[in-house]
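Readers should treat all values here as calculations from the given coordinates under stated rules, not as data from a laboratory. Bear in mind the structure is a predicted one, so any value in this text is a computation, not a measurement. Reconstructed Cβ throughout: ideal geometry from the backbone, glycine too, with neighbour counts over all protein chains shown.
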Amino acid sequence: MNSKPPSLPTAILTVNTIPEGASVYIDDIYKGITPCTIDGLIPAVRRKIEIKKDLYATYEEYKTYEAGNNNITITLEKIEIEPTPGPIEPDNQLNTIIAPNNDTELARANPVITTNPSITIVNNTGYTIYYIYISDTNSRNWGDDRLASDQTLSNGRSVSLELPYPLDVVNDYDLRVKDISDTYTKMNVRVSANSRIEFTESDMN
């Protein structure tokens with residue numbers, strides 16, 4: 001009677017993170033959420049391990065693991081997000097009012113005179129978006145984040161946002177979105193009412 005061949009030894013990897021709840025990838029294949037145990041690894045094979053969590057820097061390492069139990073604990077580094085600059089406060093000491101020199105400047109100075117059209121931003125970057133900026137192409141700054149302070153835009157979702165100005169005043173815009181670590185930008189976009197603008201990985205700066 002033939003005997004069953006002995007099973008080959010495997011490596012077992014237990015991954016812990018501080019904080020918990022991070023996604024673990026081995027050789028770019030998702031394995032679970034920390035704390036997690038991954039078994040069946042061939043020992044002494046160099047592997048790539050990635051650990052990802054929103055608001056934290058991605059941990060990456062190439063390493064071999066011996067047969068039997070292997071335990072690692074990784075402390076993730078939190079990413080400090082720079083606050084968006086707020087609006088410039090008017091100087092109360094200025095007593096000279098400079099009148100706009102054309103209708104466009106007047107409309108920009110009073111954007112609430114009429115109801116402005118909306119556009120739809122679609123997130124297909126593969127990551128959660130935390131900031132959205134919509135700026136007149138001729139402007140030198142991006143202005144304020146258009147999402148609410150507690151609002152994000154998940155991958156595959158969309159959001160409708162009001163344009164800063166009426167279309168008969170401005171219809172060419174620069175648009176920028178940011179995830180936890182990357183920026184995606186579209187410049188000189190001609191928009192119309194209810195335009196649908198999609199951001200993908202190819203828009204990454």
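In this label model, ILE33 and THR64 are separated by 3.5 nm, measuring between points 7 Å along each Cα→Cβ vector. Residue ranges 165-175, 58-68, 9-19 sort as 165-175, 9-19, 58-68 when ordered by packing (mean number of other C-beta atoms within 10 Å per residue, highest first). Count Lys and Arg as plus one, Asp and Glu as minus one, and take only other residues whose Cβ is under 11 Å from that of TYR127; the net charge is then -2.
Using alpha carbons only, the radius of gyration of segment 114-203 set against its Kirkwood radius gives Rg/Rh = 0.94.
Within the shell of other residues whose beta carbon sits under 12 angstrom from the beta carbon of ALA57, the net charge comes to -2, with Lys and Arg scored +1 and Asp and Glu -1. Between LEU8 and THR200, the FRET efficiency from the beta-carbon distance, with R0 = 41 Å, is close to 0.40.
Counting only the Cα atoms, segment 11-75 fills a convex hull of 69 Å³ per residue. Segment 174-196 and segment 14-34 have Cα centres spaced 32 Å apart.
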